[in-house]
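Chemist: Next up is a structure, given as structure tokens.
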Amino acid sequence: MSAYELRADLVQTFERKPLAVVDGLPGDHAELTPAQLRALSAALLRIADDADAQPMGVRTFKRQRRAYPLASTTR
């Protein structure tokens, strides 16, 4: 997973709740080491935190596209 990143659009639902649209997730039957799984998990947690931190509402919401690099692992 070196030089690998997830990309996320931080948006909101019709009910004005946080939503992340994530690109770059491993596909079906992905073979990942424990270190790669931890890097993926850490990136997903960062995305969740950023989505929760977005101001929700008609006037305050701004759609954002962000990149979340995964830590390079050699294991």
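The values are calculated or read from the model by the stated rules, or taken from the named source; none is laboratory data. None of these values were measured; they are calculated from a predicted model. Neighbour counts are summed over all protein chains in view; Cβ atoms, including those assigned to glycine, are modelled from backbone coordinates with ideal geometry. Each accessible area value is taken on the protein alone, full model and side chains, heavy atoms only, with ligands, DNA and RNA left out. Shrake-Rupley method; radii C 1.70, N 1.55, O 1.52, S 1.80 Å.
Chemist: If packing is taken as the average number of other Cβ atoms within 10 Å across a peptide's residues, how do 53-66, 6-19 rank, most packed first?
Modeler: Packing proxy ranking, top to bottom: 6-19, 53-66.
Chemist: Assigning unit charges at the beta carbon (Lys, Arg +1; Asp, Glu -1) and nothing else, what dipole magnitude in debye, to the nearest 20, does the chain show about its Cα centre?
Modeler: Numbers: 11 positive and 9 negative charges, 70 e Å.
Here the size comes out at about 340 debye.
Chemist: Then there's this: What is the gain in length, in nm to one decimal, between ARG16 and ARG38 on full extension, counting 0.36 nm per residue of separation less the C-alpha to C-alpha distance?
Modeler: The span from ARG16 to ARG38 would gain 4.9 nm if fully extended.
Chemist: Quickly estimate the mean residue ellipticity at 222 nm for the chain, helices only: each DSSP H run with n ≥ 4 gives -39500 (n - 2.57), and the total goes over all residues, rounded to 500. It would help to have the intermediate numbers written out before the result.
Modeler: Values: 1 runs with 20 residues, N = 75.
One gets -9000 deg cm²/dmol as the mean residue ellipticity at 222 nm.
Chemist: Tell me the angle of helix 34-53 to the major Cα principal axis of the chain, expressed in degrees between 0 and 90 and rounded to the nearest ten.
Modeler: Computed tilt is about 10 degrees.
Chemist: Quick one, which of (1) 14.5; (2) 14.1; (3) 13.3 is the actual Kirkwood radius over Cα pairs in Å calculated for this model?
Modeler: The listed entry that was calculated here is (3).
Chemist: If I take R0 = 25 Å and measure r between the Cβ atoms of ARG63 and ALA30 in this structure, what FRET efficiency does the formula 1/(1 + (r/R0)^6) give, to the nearest 0.05?
Modeler: Numbers: r = 28 Å, r/R0 = 1.13.
It comes to 0.35.
Chemist: Which value, in Å², gives the accessible area per residue of the chain when a 1.4 Å probe is used on the protein heavy atoms?
Modeler: Numbers: 5310 Å² over 75 residues.
Result: 71 Å² per residue.
Chemist: Please report the carbon-and-sulfur percent of the accessible area for the stretch 9-68; probe 1.4 Å, protein heavy atoms only, DNA, RNA and ligands left out.
Modeler: C and S atoms contribute 55 percent here.
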